[in-house]
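Since every read-out is calculated from the coordinates, none of them should be taken as a lab result. Because the structure is predicted, anything quoted here is derived from the model rather than measured. So basically every Cβ, Gly included, is an ideal-geometry build from the backbone, and we count neighbours across all protein chains shown.
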Amino acid sequence: MTREAFTRELNKNNYSYKIQAGRIVVTQDGSVWLSYLRDLPSGVEFRNGANLNLEGLKVLPSETKFNNKRYIWLSSLASLPSKIVFMEGQNHDVHLGSFTGGWFSEWNGNIEGIDSNRLLNKMIKDGLFER
């Protein structure tokens, strides 16, 4: 998807965003529901104030940043690039249906006493979700 096509989708849904240092930064106060998208352009950051639904994405550019405040649906991804980072300590969870069958916090491989986002970020950094 091109940057222009992505900003058209944001405008069509009345989602607020800004261009900052060459990145498209989604700043919507509430949830962002773009479940029908199959890919994103590079250089996108999500700073929205609630949920983020991207469950239809098949490809995720490695420069994508997730700084939203709540849950993230990435159910259909075929791969998670090793540069992706999910905010630690935020009140959110990531749905990775194609990898864990559901929400990462409910995955049987979690380690008691370790924040599930911290574990997820370590696994991503180590390339465990790259195919």
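Return ILE124, ILE84 ranked ascending by Cβ neighbour count within 10 Å, so the fewest neighbours appear first.
ILE124, ILE84
What is the antiparallel percent of DSSP beta bridges lying wholly in the chain, to the nearest 5? Before the final figure, lay out each step's value.
Details: 5 of 17 bridges.
Here the share of antiparallel DSSP bridges comes out near 30 percent.
Taking amide H atoms as placed 1.01 Å from N in the peptide plane, list the residues 5 or more away in sequence, or in a different chain, whose amide H sits under 5 Å from that of LEU37.
Long-range HN contacts for LEU37: GLY56.
Restricting to DSSP loop positions (anything but H, G, I, E, B) with no more than 14 other Cβ atoms inside 10 Å of their own Cβ, which trypsin sites (Lys or Arg not before Pro) remain in the stretch 5-53?
Working: sites: ARG8, LYS12, LYS18, ARG23, ARG38, ARG47; in loops: ARG38, ARG47.
Passing sites in the stretch 5-53 are ARG38.
Please list the non-local residues whose amide H lies under 5 Å from the amide H of LEU52, H modeled 1.01 Å from N, same-chain partners needing a gap of 5 or more.
Amide H to amide H, under 5 Å and 5 or more residues apart or across chains, LEU52 pairs with VAL32, TYR71, ILE72, TRP73.
Can you sort ASP115, ASP126 so the residue with the fewest Cβ neighbours within 10 Å comes first?
Values: ASP115 14, ASP126 10.
Ordered by Cβ neighbours within 10 Å, fewest first: ASP126, ASP115.
Go through LYS12/LYS125; LYS12/LYS122; LYS69/LYS125; LYS12/LYS83 and tell me which ones have a Cα-Cα distance over 27 Å in this structure.
Details: LYS12/LYS125 34 Å; LYS12/LYS122 36 Å; LYS69/LYS125 21 Å; LYS12/LYS83 29 Å.
In this structure, LYS12/LYS125; LYS12/LYS122; LYS12/LYS83 lie more than 27 Å apart at Cα.
For the stretch 111-122, in order, what is each residue's ³J(HN,Hα) by Karplus, 6.51 cos²θ - 1.76 cosθ + 1.60 with θ = phi - 60°, in whole Hz (x at glycine and Pro)?
10, 4, x, 10, 3, 4, 5, 5, 5, 4, 4, 5
Could you work out how far apart the two model spin labels at SER79 and ASP115 are, taking each label as a point 7 Å from the Cα in the direction of the beta carbon, and quote it in nm?
A separation of 2.8 nm, rounded to one decimal place.
Among GLU9, GLU4, what is the fewest-to-most ranking by other Cβ atoms within 10 Å? Numbers along the way, then the final one.
Working: GLU9 15, GLU4 9.
So the residues, fewest neighbours to most, are GLU4, GLU9.
Explain nothing, just compute: Karplus ³J(HN,Hα) = 6.51 cos²θ - 1.76 cosθ + 1.60, θ = phi - 60°, for every residue of the stretch 31-37 in order, whole Hz, x for Gly and Pro.
Karplus values, whole Hz, x for Gly and Pro: 6, 10, 10, 10, 5, 8, 6.
Pairs of Cα atoms under 8 Å, at least six residues apart: use those to get the relative contact order of the chain, whole percent.
Working: 284 pairs, mean separation 21.5, N = 131.
Relative contact order for the chain comes out at 16 percent.
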